[in-house]
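The values are calculated or read from the model by the stated rules, or taken from the named source; none is laboratory data. Only a predicted model underlies this, so the values are computations on that prediction, with no experimental measurement involved. Cβ placement follows ideal geometry from the backbone for every residue including glycine, while neighbour counts extend to all protein chains displayed.
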Amino acid sequence: MMIIYVDPPPKLTVSQQALVVQVAKPAVERLWPGEIAKRCPNGPTLTWVNQKTVQKRYEKALADSGQKSTGVEMAAFTNGCSVTFSREEMSLTYACNMVVHELGHVSGQPHSQDKRSVMYEFGGKVPECQFKGNK
Ligand SMILES: [Zn+2]
């Protein structure tokens, strides 16, 4: 058995993380067929950590590329084939859409100005990510 999570106990449990990825995958394949496999032959690496760690990784990537800190709080951060998610308390629907959005970045997608697109920066959605009683 491998223990990955050493921070405080997850709010989004490991089984919930697996569930949202399972639901998100078909949406990713529908929207950007074959892109993940092409860009990340070994599969993307998805990691859930606490919010502070997401922020730290984001700030480090900015600094490494010579950019200034934006001060924006990030719930998720994609760097190549590696995606870091915050596991702070959130609905499964929100988490699922976040996974699709970040895998969109892994697939080479930029942000969209269209509020109906899952690549909209603030809360884009796909129909696949529907969980009962969730928003
Ligand atoms: Zn984004």
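Out of all the residues in the stretch 60-73, is one or more under 25 Å from Lys11 (Cα atoms) and in contact with a helix residue (DSSP H, G or I) (Cβ under 6 Å, 6 or more places away or on another chain)? Before the answer, list the steps.
Taking the stretch 60-73 as the starting set, the residues that turn out to be under 25 Å from Lys11 (Cα atoms) are 60, 71-73.
Narrowing further to those that are in contact with a helix residue (DSSP H, G or I) (Cβ under 6 Å, 6 or more places away or on another chain): none.
So far as the stretch 60-73 goes, no, none of its residues is under 25 Å from Lys11 (Cα atoms) and in contact with a helix residue (DSSP H, G or I) (Cβ under 6 Å, 6 or more places away or on another chain).
Quick check, is Ser107 of a type in the set (Gly, Ala, Ser) and exposed (fewer than 12 other Cβ atoms within 10 Å of the Cβ)?
Values: of a type in the set (Gly, Ala, Ser): yes; exposed (fewer than 12 other Cβ atoms within 10 Å of the Cβ): no.
In short, no.
Quick check on Phe122: is it within 13 Å of the ligand (Cβ to nearest atom), surrounded by 14 or more Cβ atoms within 10 Å (Cβ to Cβ) and within 23 Å of Gln16 (Cα to Cα)?
On the way: within 13 Å of the ligand (Cβ to nearest atom): yes; surrounded by 14 or more Cβ atoms within 10 Å (Cβ to Cβ): no; within 23 Å of Gln16 (Cα to Cα): yes.
No; evaluated as a whole, the condition is false for this residue.
Would you check which residues across the stretch 63-103 are exposed (fewer than 14 other Cβ atoms within 10 Å of the Cβ), modelled with pLDDT under 90 and within 15 Å of the ligand (Cβ to nearest atom) and list them?
Once the filter is applied, which keeps residues that are exposed (fewer than 14 other Cβ atoms within 10 Å of the Cβ), modelled with pLDDT under 90 and within 15 Å of the ligand (Cβ to nearest atom), the stretch 63-103 yields Thr70, Val72, Glu73.
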